Amino acid sequence: MDNNYMVSITEAIELVHTHTHVSAPTRKLLLNALDLFLAKDVFSPINMPPFNQSAMDGYAVLYDDNHQNNFILVDEIKAGDNNNRTLQAGQAVRIFTGAPTPTNANAVIMQENTSVKNNILLIDDVLTPNKNIRLTGEQIKQNETALRKGEKLNPAAIGFLATLGITTVDIYKKPTFTIVVTGNELAEAGTSLEFGQIYESNAIMLQAALLKKGIDNITILKVKDNYNATKDSLQKAILQSDFVLISGGISVGDYDFVGKALLELNTQQHFYKIKQKPGKPLFYGTNGNANIFALPGNPASALTCYYIYIETALQKFIGNPNYKKQTVRLTLQNEYIKKGIRGEFLKAKVTGKEVEILGSQSSAMLNTFANANALIYLEEGVGTISKNQIVTTYIID
Ligand SMILES: Nc1nc2c(c(=O)[nH]1)N[C@H]1C(S)=C(S)[C@@H](COP(=O)(O)OP(=O)(O)OC[C@H]3O[C@@H](n4cnc5c(N)ncnc54)[C@H](O)[C@@H]3O)O[C@H]1N2
Ligand code: MOO
């Protein structure tokens, strides 16, 4: 691909959808699978409930046309009792919530609607078949599908599988990330700045964004603007990670070595440069199992590209069937004068159904991004937009 060729935003998103490598399935303990997506259907190994259960504290009875109000009490069964008995018509047992009802009991009467005199149970209630009995397998039967491939394991899903006695599940594993930070001008926070230096902030920012998505296996490599050092770091990152994010060094300057090094390492380039602002010089490629994004060094560009492209790729990788980013349509609160024809992502603040474009839209500035909870998307070719216009917005969280 010609390195001056710029794809459109929609083409770039489509290429990410198409080329992102998906995770290999792996078996995990239930709790370690929280928020991950099932790689296989899960079948229930048991009936749930496994036996007819009382849903109330009261009395289990075997009633028929001749036995509706008076029953002889013959036993007591509490939760956990291994008492698998039967009744004769007209008999009742004292029973408690969660206890196994006698095999042929056909109703449980809550104790508030009963009285007992001389071992005779009197009922002030209407008897209906299986009243207050949780029947065997009524939630799920043995071998039925409990959860389907692609479902996300939220706390309820984990609880549900635990009720079936399941301890492990096959999920798509979380990716490992390496963030490669390039730039001679970058100093560590906590040290004093020499003239010409700025503090390095992209690594921790991207790390924070990934941590919010539950990604914690992140290696950070820092490299000077030197071709061989850049190439060596990229080689290492590609071999060790599912995702490689590179910050800086991707533009056209004499010391921007990232693009050249990635191609030299036989990376398959899917695009390099997008008709967008910010984040024009964004490289996306794959190499072996690695998904590679070389982000512009400007902090707001890097973070915008993260939200729009990398988060999408991440969701595809972890098997989310709905990995495509959703937008909402909101009413704009302030005018924006758009210059140029590139598509734009604007830092914005959503309140209810309204959205406000924030100041400091420069790709070098994070001061208003820090207050943003959304990115407004203006398509290529769109001109100035006015107050009360409906705009397409990505919510970032
Ligand atoms: N002749 C041209 N020059 C530039 C173009 C162009 O099309 N033609 N594009 C501009 C645009 S747009 C962007 S965005 C940048 C991207 O450049 P790089 O990705 O090569 O990034 P750097 O030059 O390394 O850095 C850009 C800027 O960001 C600061 N930076 C870099 N890394 C960090 C970091 N880890 N933490 C904080 N700040 C960082 C860096 O000091 C620069 O100020 O290229 C334009 N130039
Ligand atoms: O594309 Mo750059 O990210 O506008 O500054």
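Annotations
- 10 Å Cβ shell holding at most 10 others, DSSP loop, chymotrypsin sites (Phe, Trp or Tyr not before Pro): longest site-free stretch of the chain: 196-397
- Residues of type aspartates and glutamates that residue 347 reaches as a straight line, Cα spacing below 18 Å, ignoring anything fewer than 8 places off in the same chain: 311, 335, 356, 379, 380, 397
- Reach of residue 349 by Cα under 17 Å, taken over lysines that are not fewer than 8 positions away in the same chain: 387
- When shorter helices are ignored and each DSSP H run of at least 4 residues is given -39500 (n - 2.57), the per-residue value for the chain at 222 nm works out to -5000 deg cm²/dmol.
- Normalised per residue, the accessible area of the chain is 49 Å², obtained with a 1.4 Å probe and no contribution from ligands, DNA or RNA.
- The alpha carbons of segment 327-395 give a radius of gyration and a Dmax of 11.0, 30 Å, in that order.
- Mean separation of Cα pairs under 8 Å and 6 or more residues apart, divided by the residue count, gives segment 1-154 a relative contact order of 33 percent.
- Additional length obtainable on full extension of the chain from residue 138 to residue 326, 0.36 nm per residue less Cα span: 64.0 nm
- Comparing Cα centroids, segment 127-186 and segment 202-274 end up 34 angstrom apart.
- Kirkwood hydrodynamic radius (C-alpha pairs) into Stokes-Einstein, segment 53-134, 4 °C and 1.567 mPa s, D in µm²/s: 108 µm²/s
- Spatially proximal lysines relative to residue 316 (Cα-Cα < 17 Å; intrachain offsets below 8 disregarded): 40, 149, 152, 173, 174, 212, 213, 324, 325
- Dipole of the chain, positive direction: furthest Cα of 162, 186, 99, with charges on the beta-carbon: 186
- When the P(r) of the chain is calculated, the portion above 29 Å amounts to 59% of the C-alpha pairs.
- Percentage relative contact order, the chain, counting C-alpha pairs under 8 Å, at least six apart: 17 percent
- Cα→Cβ-extended label distance, 7 Å offset, between residue 110 and residue 66, nm: 3.2 nm
- Ligands, DNA and RNA left out, the accessible area of the chain computed with a 1.4 Å probe is 49% carbon and sulfur.
- As a length-normalised measure over Cα pairs under 8 Å and 6 or more apart, the relative contact order of segment 327-395 settles at 48 percent.
The values are calculated or read from the model by the stated rules, or taken from the named source; none is laboratory data. Since the model is a prediction, treat every value here as computed from it, not as a measurement. Cβ atoms come from the backbone with ideal geometry, glycine included; neighbour counts cover every protein chain shown. Accessible surface is based on the protein model in full, side chains and every heavy atom, while ligands, DNA and RNA are left aside. Shrake-Rupley method; radii C 1.70, N 1.55, O 1.52, S 1.80 Å.
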